[in-house]
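Q: The structure is given below, and queries will be raised subsequently.
We did not get these values from a lab; they are worked out from the coordinates using the rules stated. Remember, it's a predicted structure, so these values are computed and weren't measured experimentally. Reconstructed Cβ throughout: ideal geometry from the backbone, glycine too, with neighbour counts over all protein chains shown.
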Amino acid sequence: MRLVSEARLLDVFSPELKKAATRNGVGDALVEIGEIDKNVLAASADVAGSVQLNLFADRYPDRFVQVGVAEQNLAAVSAGLAYCGKTVFIGAYAVFSPGRNWEQIRTTICYPKANVKIIGSHAGLNVGPDGATHQALEDIAITRCLPNLTVLSPCDYEEAKKAAYAAWKGAGPFYIRCTREKVPIFTTGQTPFEVGRMNLLNEGSDIGIVATGGCVYEALIAAEELEKEGISAAVANLHTISPIDSSGLERLAKECGTIITVEEHQINGGLGSAVCEALAETYPVRVRRLGVKMQFGESGTGSELLGKYGLDKEGIIKAAKEEMTLKK
């Protein structure tokens, strides 16, 4: 592999890599942010422990609001607090926020550019045994279409902390997509993170793999296996879905000619669609979208479900080989 030195990654193949859910990264960051900025508040819809806002609530109980099982109220109340000059982080399962309260997010948060930061936890397939009803596979589609909303999808614990800090420092609404299940921590505190700019993690010339969230690690492992078989695969971490890094994608497309996108999301409306839209206007190339093919998920472990839907390293390797055959 040709890992990009500026990415400051850990040894992605080390058995010593620690694992943590990205929701934990956001939760830990908010405790730190709350110490720095007394103007920061947090609120949840009866799932503070599940989305790790309990850490903030325990440390700063006078700055935490529990609205109960009422996600629409969660959005509206947080918007009101933001109108009063507060910075508000709200957290719930992604299927319910932004799923259930999309209109309130649209009208009371995004339209007036309220300083509300939305944490959507338990996104993607890694919810596992909770099954289809709790697997948010549509949240990227319904958030990236909203004006004024920055959409972040961190790949591991360290990047999730950076996403929380970026949301705190950034003006206006943010959506941070988080996992329930633990994923390998392979980035470091020195790994660059800039909203709106994707990170090239591995250089390559045959295939460009653009991944987001927990799929980034799978893409890196796949790239190593592909190199052993003579296929040079670049790997990019697209942690910012909106605004998308059109210029970075164009450079990758020019270098590789073919792009594969990988996401724990429906293939319609998600990362793959966003990449296709961006490249269609700058440098059209063939794009192979790996994701859930417009069906609901099911119960199972995270690794089992990634395998079933072709989003693990084996699925990525298979897709890359098929694309190389087409190129020939």
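Q: Among K313, K182, K169, whose mean-square fluctuation peaks in a Gaussian network model of the chain (Cα, cutoff 10 Å)?
A: K169
Q: Per-residue counts of other Cβ atoms within 10 Å, averaged by peptide: what ranking do you get for 113-124, 294-305, 198-209, highest first? Write out the running numbers ahead of the final one.
A: Numbers: 113-124: 26.8, 294-305: 15.4, 198-209: 22.5.
Top of the packing list down: 113-124, 198-209, 294-305.
Q: Given Cα pairs under 8 Å that are at least 6 residues apart, what percent is the relative contact order of the chain? Can you show the working numbers first?
A: Details: 777 pairs, mean separation 62.0, N = 328.
Normalised by residue count, the contact order of the chain is 19 percent.
Q: On to the next question. Report, largest value first, the span of the C-alpha coordinates of region 196-327 along each principal axis, in whole Å.
A: For region 196-327, the Cα spread along each principal axis is 39, 34, 25 Å.
Q: Hey, another quick one. Helix 215-228 versus the longest principal axis of the chain: what is the Cα-based angle in degrees, 0 to 90, to the nearest 10?
A: 10
Q: Another question, if that's okay. Treat each spin label as a single point 7 Å out from the Cα along the C-beta direction, and report the K293 to I36 distance in nm.
A: Placing both labels 7 Å along Cα→Cβ, they lie 4.5 nm apart.
Q: Most fluctuating residue of C84, C145, C155 in a GNM of the chain with Cα springs under 10 Å: which is it?
A: Result for the chain, Cα springs under 10 Å: C84 fluctuates most.
Q: Can you spot the lysines whose alpha carbon is less than 17 Å from K117's alpha carbon? Ignore those fewer than 8 places along the same chain.
A: Cross-link targets: K38, K86, K161, K162, K169.
Q: Along the Cα-to-C-beta direction of F13, a point sits 7 Å from the Cα; which residues of region 198-212 have their amide N less than 16 Å from that point?
A: 202-203
Q: Would you mind counting up the charge near F186? Only other residues with Cβ under 12 Å from its Cβ, with Lys and Arg at +1 and Asp and Glu at -1.
A: That works out to -3.
Q: Further question: Net charge within 14 Å of T325 by Cβ-Cβ distance, Lys/Arg positive one each and Asp/Glu negative one each, not counting T325 itself? Walk me through the numbers on the way to the answer.
A: Values: positive: R286, R288, K318, K321, K327, K328; negative: D206, E229, E322, E323.
After counting each charged neighbour, the total is +2.
Q: For q values of 0.09, 0.11, 0.13 Å⁻¹, compute log₁₀ I(q)/I(0) with the Debye formula on a Cα-only model of region 19-184, without solvent.
A: Treating every Cα as an identical point scatterer, log10 I(q)/I(0) equals -0.23, -0.35, -0.50.
Q: Please compute the net charge surrounding D46, taking Lys and Arg as +1 and Asp and Glu as -1 over other residues with Cβ under 14 Å from its Cβ. Can you show the working numbers first?
A: Numbers: positive: R100; negative: E71.
Computed value for this residue: 0.
Q: For region 76-182, give the magnitude of the charge dipole about the Cα centre (Cβ charges: +1 Lys/Arg, -1 Asp/Glu; no others), in debye to the nearest 20.
A: Values: 12 positive and 8 negative charges, 77 e Å.
For region 76-182, the charge dipole is close to 380 debye.
Q: Further, regarding this structure: Along the charge dipole of the chain, which of H122, L81, V12 sits closest to the positive end, that is, farthest toward it, with unit charges on the beta carbon of Lys, Arg, Asp and Glu (+1, +1, -1, -1)?
A: Result: L81, furthest along the dipole toward the positive end.
Q: For E6 and T133, what does the FRET efficiency come to when R0 = 41 Å and r is the distance between their Cβ atoms, rounded to the nearest 0.05? Show your work: numbers first, answer last.
A: On the way: r = 42 Å, r/R0 = 1.01.
The value I calculate is 0.50.
Q: Using the 2.2 N^0.38 Å rule of thumb for compact globular proteins, work out how the chain stacks up: its C-alpha Rg over that value, please.
A: 0.95
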